[in-house]
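Read the figures in this text as sums done on the coordinates, not as results from a lab. Note that the coordinates shown come from a computational prediction; the quantities given were computed from them, not determined experimentally. Don't worry about glycine lacking a Cβ; one is built from the backbone with ideal geometry, like all the others, and counts go over all protein chains shown.
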Amino acid sequence: MKEDGLGGIFLRHLVMAIPWGIILLVVMLIAAVCVKQEIKEGIQYGVRCAVSETANFTFDPEVVVSVKQNLKEGIEFVAKTGRDGIKDLLNDPQIKQDLKEALEYSNEKLRK
C-alpha cells in the first residue's frame, strides 16, 4: 500500500465528510420547517384559547350579575351625590339671591 501524503488524507476525509454534511443540512432544514409549523400552530392555539376564555369569562352569569350590580350602585351613588350637592347649593342664601336676581333680570329682558 502506498503511503498518502497529508494533503491526500485531508482530501479523502473531506470527500467522505461532504455527504454527511449534506445529510445534516437536509435534516436541519426539515426540522426547521417542522418546528416553524409547530410554532405557528402553537400561536394559533394560544390565541384561540385566549379568545375562548375571555368570551367564557365575559358571559359568565356571576360576572354579569356583579357588573350589573356595581353599575347600578355607581349610578345610584352619582345621583345621590349630585342631588345632595344641588340641595346644598340651593340652600345657600347667596346662591338663592343670585338666582333670584338672574331670573328677575331675564324676566325684564324678555318683557322689553
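Could you check the spin-label model distance between K80 and L14? Points 7 Å from the Cα along Cα→Cβ, value in nm.
According to this spin-label approximation, the distance is 9.0 nm.
What is the gain in length, in nm to one decimal, between D4 and D92 on full extension, counting 0.36 nm per residue of separation less the C-alpha to C-alpha distance?
On the way: separation 88, 0.36 × 88 = 31.68 nm, distance 11.45 nm.
In short, 20.2 nm is gained.
Please report, in whole Å, how far the alpha carbons of the range 65-108 spread along each principal axis, starting with the longest.
Dimensions of the range 65-108 along the principal axes of its Cα atoms: 54, 19, 6 Å.
For every helix of n ≥ 4 consecutive DSSP H residues, a contribution of -39,500 (n - 2.57) applies; sum these over the chain, divide by its total residues, and give [θ] at 222 nm rounded to the nearest 500 deg cm²/dmol.
Numbers: 3 runs with 103 residues, N = 112.
-33500 deg cm²/dmol, from helical runs alone.
State, to one decimal in nm, how far the label point of Y105 lies from the label point of V26, with both points 7 Å from Cα in the Cβ direction.
Placing both labels 7 Å beyond Cα along the Cβ direction yields 9.6 nm.
For the chain, what Kirkwood radius comes out of the mean inverse Cα-Cα distance, in Å? Write out the running numbers ahead of the final one.
Working: mean 1/r = 0.0418 Å⁻¹.
About 23.9 Å, per the Kirkwood formula over Cα pairs.
Regarding the range 1-59, what's the average projected area of the Cα-atom convex hull, expressed in nm²? List each step's numbers first, then the result.
On the way: hull surface 23.0 nm².
Projected area, direction-averaged: 5.7 nm².
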